[in-house]
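First up is the structure itself, then whatever we jot down about it.
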Amino acid sequence: MPLILLLCPCCNFQYKPESCSISAHKGDRVKVHYRGTLTDGTVFDSSFERGDPIEFELGTGQVIKGWDQGILGMCIGEKRKLKIPSKLGYGDQGSPPTIPGGATLIFDTELVAVNGEPSSKSEEDDADL
């Protein structure tokens with residue numbers, strides 16, 4: 001745990017499954033549910049509400065730097081709150097009209113799948129068939 005905290009000083013661990021057979025590494029294809037808010041609580045985006053998690057290749061710059069750092073090492077089913085400073089988010093330019101320049105972003109995240117594997121529980125269930 002301390003190593004992850006050094007790599008991700010913006011992470012606040014909300015929930016981590018007891019067993020972690022699959023975790024997210026650089027280059028993995030991951031699916032993440034999230035709710036993004038500004039520090040005043042304004043929600044600017046939410047995959048939870050859409051019912052459609054974002055899918056991307058971790059550590060390759062497909063998402064903001066704070067996500068590449070904050071999702072790294074997560075276990076499937078783990079929930080993290082990421083507090084991302086603007087330099088690891090959208091910087092001074094922001095992402096108008098919803099995210100102002102220099103904004104610190106708060107993301108409630110949940111890792112849903114890694115490389116197409118939804119959870120270790122599903123793997124165990126499949127083995128019983």
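The values are calculated or read from the model by the stated rules, or taken from the named source; none is laboratory data. None of these values were measured; they are calculated from a predicted model. When we count neighbours, we look across all protein chains shown, and the Cβ atoms used for this are built from the backbone with ideal geometry, even at glycine.
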*For residues that are in a strand (DSSP E or B), closer than 13 Å to Ile106 by Cβ and within 9 Å of the chain's Cα centre (by Cα), tally how many sit in the stretch 62-87.*
3
*How many residues does the stretch 19-61 contain that are modelled with pLDDT under 95 and in a strand (DSSP E or B)?*
1
*Could we say that Gly73 is at pLDDT 95 or above and on the phi > 0 side of the Ramachandran plot here?*
no
*Tally of residues being surrounded by 15 or more Cβ atoms within 10 Å (Cβ to Cβ), small (Gly, Ala, Ser), farther than 20 Å from Lys26 by Cβ and at pLDDT 95 or above across the stretch 87-124*: 4
